[in-house]
Amino acid sequence: MYESHFGLSDKPFKLSPDPRFFFSSPHHEKAASYLKYGLSQGEGFIVITGPIGTGKTTIARSLVASLDESIVAVQIATTRLTPEELVRLVAAKFDIQVEGLGKAEILKRLEQYLLKLHQQQRRALLIVDEAQNLPPETVEELRMLSNFQLDDKPLIQSFLLGQEELKGIIELPEMEQFRQRIIASCHLKPFDCEQTCNYIHHRLRQVGWQGKPSLCENIFEIITKHSQGIPRKINILTDRLFLYAYLEDLTAIKAVDVHHVLEEMQSELSGSMMPSSRRKGEDDESPVSQENTSLHILAAQGESHAAQTLEAVSEILDTVIDRKISTIRHLDKLLRQKRKSLSELGTTLHDETILESDELDNEKNNSALQKKYWCRELMAKKSSYHN
Ligand SMILES: Nc1ncnc2c1ncn2[C@@H]1O[C@H](COP(=O)(O)OP(=O)(O)OP(=O)(O)O)[C@@H](O)[C@H]1O
Ligand SMILES: [Mg+2]
């Protein structure tokens, strides 16, 4: 919404894990290197863990974006799945027909598919996101999948990404066989103040930021403190700061602005800046976790379509709001001009009178505008300035 006003080519603080914006903090760099190392080895599991919103999915997406055609990568992000549901979902992701088939038949088809890939000098990579939701027996099923081999080389390799609870699952005594196949693991940490500052500047550079609005040095400490250094929270807060700067016509974002926006956000329902509270087991009660396999498969197939639709709706809403703000600005300007000319004449009039005056009669949609709630709010705000 504020992009064109500040001369930016795109939204700098989107919530989607877009590989174009990937920022290599030391932890992210290490995790990305481990994934690449795992790929070069062609076998064994790589496990990346980290608190909510620290960038696990972003790392996976940026890895997938860097792959060439020799690797067929699929990504699953699921709630709880039984071993059979996992097998079904994985096969469906590789476009294997699974309807009406039992687990044994699906596994057979999956193996045939992997062998065909091998003949084409290609191999399969399975990225399991949100792996903390998988029950231990389903993680064990992943190990079984790695037993599809030819000439002692696995035909499919898996990377696991998940929140901190995933560590607990892997440390269970019955996961010993799985543990022995992990070739590297690492844990993402939130950003410190310097990294937060570099992260924000990095994202802004990707969209051609030329220092408009400028960012005062002392805001980064406040942003780090209130976001706990979690990239997703940093995005939410900084996005709001830019919106605020746009609405208030600021040329610089200062500490006082950050405090103002934080205050506003704290009174909102989203709770986006509250400390993270999602815990293991909470998902168990969600209706999503009770979905059956076919729903998971449908979800997997439909998720990219849904994401595209949401993106499109969000763009339309942005444009509408953008237009409304321009109109408000225009009205604001007219009011200021009118007030100035009236004060020069030594007359004081209320805003309602000004709106009804000749100048605004020229506006095509004047009467329609006055019915709009935001127009009335503007009027109320303007009147309160003068009372
Ligand atoms: N290294 C990074 N570079 C650029 N953006 C990042 C990075 N890490 C996180 N982000 C941003 O932070 C947000 C959250 O990232 P992401 O969805 O990857 O986190 P996550 O760890 O997978 O979260 P969850 O635990 O909820 O699955 C996204 O908007 C993403 O763009
Ligand atoms: Mg994620």
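Pairs meeting the criteria (first residue in the range 3-25 and farther than 25 Å from A60 by Cβ, second residue among the basic types (K, R) and more than 6 Å from ligand 1 (Cβ to nearest atom), beta carbons under 7 Å, at least 6 apart or on different chains) are E3/K11; F6/K212; G7/K212. There is at least one residue in the range 50-67 that is assigned by TED's automatic domain parsing to the domain that holds E105 and more than 16 Å from ligand 1 (Cβ to nearest atom).
The residues of the range 24-36 that are over 17 Å from L126 (Cβ atoms) and either surrounded by fewer than 20 Cβ atoms within 10 Å (Cβ to Cβ) or away from ligand 1 (no atom under 15 Å from the Cβ) (or both), listed by number, are S24, P26, E29, K30, S33. Taken over the range 135-152, the criterion of being in contact with a Leu (Cβ under 9 Å, 6 or more places away or on another chain) and charged (D, E, K, R) is satisfied by E141 alone.
Under the condition of being part of a helix (DSSP H, G or I) and of a type in the set (G, A, S), which residue from the range 39-94 is farthest from D129 (Cα to Cα)? Step by step, filter the range 39-94, then rank; the result is S40. Within the range 139-148, is even one residue surrounded by fewer than 21 Cβ atoms within 10 Å (Cβ to Cβ), within 16 Å of ligand 1 (Cβ to nearest atom), under 30 Å from E171 (Cβ atoms) and among the polar types (S, T, N, Q)? So far as the range 139-148 goes, no, none of its residues is surrounded by fewer than 21 Cβ atoms within 10 Å (Cβ to Cβ), within 16 Å of ligand 1 (Cβ to nearest atom), under 30 Å from E171 (Cβ atoms) and among the polar types (S, T, N, Q). Exactly one residue among I170, I230, I156, I183 is in contact (Cβ under 8 Å) with a residue 60 or more places away in the chain, over 27 Å from R20 (Cβ atoms) and surrounded by 17 or more Cβ atoms within 10 Å (Cβ to Cβ), and that residue is I170.
Of the residues making up the range 96-126, those that are farther than 17 Å from T82 by Cα and in contact (Cβ under 8 Å) with a residue 60 or more places away in the chain are R123, L125. Any residue at all in the range 92-101 that is surrounded by 23 or more Cβ atoms within 10 Å (Cβ to Cβ) and in contact with a His (Cβ under 9 Å, 6 or more places away or on another chain)? Checked the range 92-101: no residue is surrounded by 23 or more Cβ atoms within 10 Å (Cβ to Cβ) and in contact with a His (Cβ under 9 Å, 6 or more places away or on another chain).
The values are calculated or read from the model by the stated rules, or taken from the named source; none is laboratory data. Treat the numbers as computed from the prediction; the structure is a model and nothing was measured. As a convention, Cβ positions derive from the backbone with ideal geometry for all residues, glycine included, and neighbour counts pool all protein chains shown.
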